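What follows is one structure encoded as structure tokens, with my remarks underneath.
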Amino acid sequence: MRFDNFISHIHPIKLSAERARVSSTFCLGGAAFFLFVVLGVTGLLLAVYYLPTAEGARAGIHDLDHVIPFGRLMRSIHFWAGQLMVAAVLLHIVRVVAAGAYMHPRHFNWLVGIALLVLTAGLDFSGYVLRWDAETFWAAQVVSNLLGEVPFIGSGLQQLIVGGPELTEVGLLRFYVIHCLIGPSLATALIMFHFWRVRRDGRLGQSF
């Protein structure tokens, strides 16, 4: 597919103004994207003060809460934007199902949306683990154990995501890379593709 083809389909005429109005979409997709941008901006600011080691994580969070100007505010905005994004994506999925917007010819984009839901949940959890206190450590250990129970590929998943059956600082580093690099990069690519497919496929399902 040529690049000029991509550009020409960003705003095709078959996506009518009636289907795109707020009462049809509730702007849930746009709200989720806005929150994703907020997470990116605040996440970059937080990453400056975070070191993905056990001591570094504790020291960084302490400094953000008690030393760095507006650090606690940035953490709060980042946290609540993450929770609101999860809610917005879930509500967006519900709206798509209710409007029948998952059916042909939009069925492939529905799968992309489901992938984005899973990725959003993964980003939310990996960010939670980065606190690296007792609560988040054992939550990550539970997930590590669950990965190990996956038939045939469990040990490989454990090794890939947390560095082995025992959760150590290697696991923290991998959660950090997933949360700050791999996850956001993949999410950005899928979001852009998702938006493009909405406009290329045309229509957003039934109006309410």
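What to note about this one:
- The single condition from (1) open to solvent by 40 Å² or more (accessible area, probe 1.4 Å); (2) β-branched (Val, Ile, Thr); (3) not in a loop (DSSP other than H, G, I, E, B) that ILE191 fails is (1).
- Selection within segment 70-119 - modelled with pLDDT of 90 or more and of a type in the set (Phe, Trp, Tyr): PHE70, PHE79, TRP80, PHE108, TRP110
- Hits in segment 25-77 (condition: among the hydroxyl-bearing types (Ser, Thr, Tyr) and either in contact with a strand residue (DSSP E or B) (Cβ under 9 Å, 6 or more places away or on another chain) or surrounded by 15 or more Cβ atoms within 10 Å (Cβ to Cβ) (or both)): THR25, THR42, TYR49, TYR50, THR53
- Hey, PHE152 open to solvent by 60 Å² or more (accessible area, probe 1.4 Å), at pLDDT 90 or above and at positive phi or not: yes
- Some residue of segment 92-99 being assigned to a helix (DSSP H, G or I), in contact (Cβ under 8 Å) with a residue 12 or more places away in the chain, open to solvent by less than 70 Å² (accessible area, probe 1.4 Å) and among the charged types (D, E, K, R): yes
- Hey, LEU181 in a helix (DSSP H, G or I) and surrounded by fewer than 12 Cβ atoms within 10 Å (Cβ to Cβ) or not: yes
- For first residues located in segment 149-167 and acidic (Asp, Glu), partners that are at pLDDT 90 or above and not in a loop (DSSP other than H, G, I, E, B) and lie 6+ apart or on another chain with Cβ distances below 9 Å form the pairs GLU166/GLN141; GLU166/SER144.
- Checked against (1) surrounded by fewer than 13 Cβ atoms within 10 Å (Cβ to Cβ); (2) touching a Gly at 6+ places or on another chain (Cβ under 7 Å), GLU135 meets all criteria but (2).
- Taking each residue of segment 30-57 that is free of Cβ contacts under 8 Å to residues at least 24 places away in the same chain and part of a helix (DSSP H, G or I) and looking for partners that are surrounded by 14 or more Cβ atoms within 10 Å (Cβ to Cβ) and not aliphatic (A, V, I, L, M) with beta-carbon atoms closer than 8 Å, six or more apart or interchain, yields GLY56/TYR50.
- Taken together, the criteria place ALA134 among residues that are within 19 Å of PHE79 (Cα to Cα) and hydrophobic (A, V, I, L, M, F, W, C).
- In the set TYR128, TYR176, only one residue is in a helix (DSSP H, G or I) and open to solvent by 50 Å² or more (accessible area, probe 1.4 Å); that residue is TYR128.
The values are calculated or read from the model by the stated rules, or taken from the named source; none is laboratory data. Quick caveat: nothing in here was measured; it's all calculated off a predicted structure. Here the Cβ is made from the backbone with ideal geometry for all residues, glycine too, and neighbour counts use every protein chain on show. Quick note on the areas: whole protein, heavy atoms, side chains included, nothing else; ligands and nucleic acids left out. Shrake-Rupley method; radii C 1.70, N 1.55, O 1.52, S 1.80 Å.
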